[in-house]
1. Counting Lys +1, Arg +1, Asp -1, Glu -1, what net charge surrounds GLY78 among other residues with beta carbon under 9 Å of its beta carbon?
2. Based on the inverse mean of 1/r over its pairs of different Cα atoms, what is the Kirkwood hydrodynamic radius of the stretch 56-325, in Å?
3. What translational diffusion coefficient, to the nearest whole µm²/s, does the stretch 33-91 have by Stokes-Einstein, given a Kirkwood radius computed over alpha-carbon pairs, a temperature of 20 °C and 1.002 mPa s viscosity?
4. So how far apart, in nm, are the two label points at SER283 and HIS171 if each is 7 Å from Cα heading toward Cβ?
5. For ARG34 and VAL140 in one chain, what is 0.36 nm times their gap in residues minus the Cα-Cα distance, to one decimal in nm?
6. Kindly put TRP105, TRP311 in sequence by how many other C-beta atoms sit within 10 Å of each C-beta, fewest to most.
7. Taking 0.36 nm per intervening residue step and subtracting the Cα-Cα distance, what contour gain separates VAL196 from VAL363 on full extension?
8. Any idea how many Lys pairs in the stretch 103-237 come in under 21 angstrom at the alpha carbon, given 8 or more places apart or on separate chains?
Amino acid sequence: MKRYMNLHLVDANLDSFGDLWVNKEGKIEKIILRPITKSEIIEGDFDGWGLTCMPSFIDLHGHFREPGQEQKETIQSGIQAAVKGGYGLVVAMANTTPICDEPKWIMTNQEKAAGFNQAELLQVSAVTKGFEEDPVDYAVMRPHTRCFSNDGKPIDDAKVMVQALLDSQKHDFLLMVHQEPEEEMIRRDLLLAEAVGGNLHICHVSTARSVALIREAKQRGVCVSCEVTPHHLYRANENYRVNPPFGTEPDRQALLAGLLDGTIDCVATDHAPHTEADKEAGSPGITGYDAAFSLVRTAMPNASLQAISRWMSANPAKILGIERMAKEGKLEVGMDANLVILQPNEERILNVFYSKSENTPFVGDHVIGKIEQTIRKGERIDENA
């Protein structure tokens with residue numbers, strides 16, 4: 001039995017001081033809530049005095065570039081960056097070379113990730129073959145993944161989008177859309193989802209108008225979830241190429257308000273590594289795992305840690321909708337001990353990144369929040385990352 005003692009314990013529903021016990025199966029055996037007094041530590045205990053323990057983060061949106069673009073990122077280097085940022089589970093988009101539109105790529109990537117024994121990886125399938133118009137074979141792909149997306153390329157054809165929405169209901173999968181022009185296509189997708197249903201998730205919302213459209217749709221009862229990136233929350237008017245672009249300050253304020261009122265469900269990194277040459281040639285994207293918590297914490301210093309845990313752990317788990325993840329994103333007896341231990345108020349300078357690529361405009365920024373350890377099933381997983 002491992003005992004994590006003297007911790008500030010936080011999840012979407014919990015904010016208390018106490019101890020957390022983990023059994024040999026890597027599950028939370030016991031949670032003891034008590035007054036803020038330092039207990040005596042015995043050999044083998046973890047003394048968390050001054051530290052916060054939260055469920056490890058879950059990222060719905062990253063790019064690992066493998067297969068075919070390993071000069072930018074590999075599954076191993078991407079996972080290393082993720083665990084350094086406090087992530088225990090990451091979702092990898094399908095825009096690799098070749099595109100992940102066959103079961104072999106889904107299985108290969110997930111098996112490769114499992115071999116590193118660090119963060120879990122869920123590989124996304126393309127919605128259409130080669131990101132063109134013909135749908136993938138959902139009946140064949142669905143046993144291997146619940147996430148489908150052509151992220152990086154819009155689904156322009158409304159007929160293709162309608163069929164994808166219908167298929168998302170038939171085969172019970174999450175349809176994750178990257179649409180541009182953003183506001184026009186989000187409006188279309190919301191109207192289509194309202195008409196035919198489906199499991200619609202809108203990626204990287206970035207403008208005030210998009211937030212308003214989603215808020216109005218949710219008020220009408222449309223079934224939709226959406227995400228925002230840490231970098232869009234953190235900065236406006238940034239002259240650095242990402243897709244979607246950095247917005248104006250009113251856009252940023254609308255994103256912050258959308259998170260706070262529940263219009264936006266979660267934070268997702270859109271981790272998009274590129275080589276220096278690719279960035280110079282105009283490739284859009286930013287590395288996101290290492291700094292994600294700090295950017296959110298700095299952008300929203302008055303948001304509670306409970307709210308941040310909801311946006312970065314509980315809600316992503318809920319959106320994924322995988323039965324075995326019913327208790328992911330929470331500190332509860334019986335769940336896997338997937339934890340991040342951190343200093344939420346530690347001031348630091350962003351100057352160390354663990355991705356294979358370092359494409360970000362934030363190097364040297366003063367931010368708040370420092371990840372100390374990432375734990376999966378009771379075992380620390382960030383030490384060798």
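Values quoted throughout were computed directly from the atomic coordinates according to the rules given, and no laboratory measurement underlies them. Since this is a predicted model, take the numbers as computed values, not measurements. Neighbour counts run over all protein chains shown; Cβ positions are idealised from the backbone, glycine included.
1. Numbers: positive: ARG65, LYS356; negative: GLU66, GLU73.
Result for the local shell: 0.
2. Details: mean 1/r = 0.0545 Å⁻¹.
Every distinct Cα pair counted, the radius reaches 18.4 Å.
3. On the way: Rh = 14.4 Å.
The diffusion coefficient I find is 149 µm²/s.
4. 2.8 nm
5. On the way: separation 106, 0.36 × 106 = 38.16 nm, distance 5.02 nm.
Net length gain for the segment: 33.1 nm.
6. Ordered by Cβ neighbours within 10 Å, fewest first: TRP105, TRP311.
7. On the way: separation 167, 0.36 × 167 = 60.12 nm, distance 4.50 nm.
Result for the pair: 55.6 nm of gain on full extension.
8. Numbers: LYS104/LYS112; LYS104/LYS129; LYS129/LYS153; LYS129/LYS159; LYS129/LYS170; LYS159/LYS170.
Qualifying lysine pairs in the stretch 103-237: 6.
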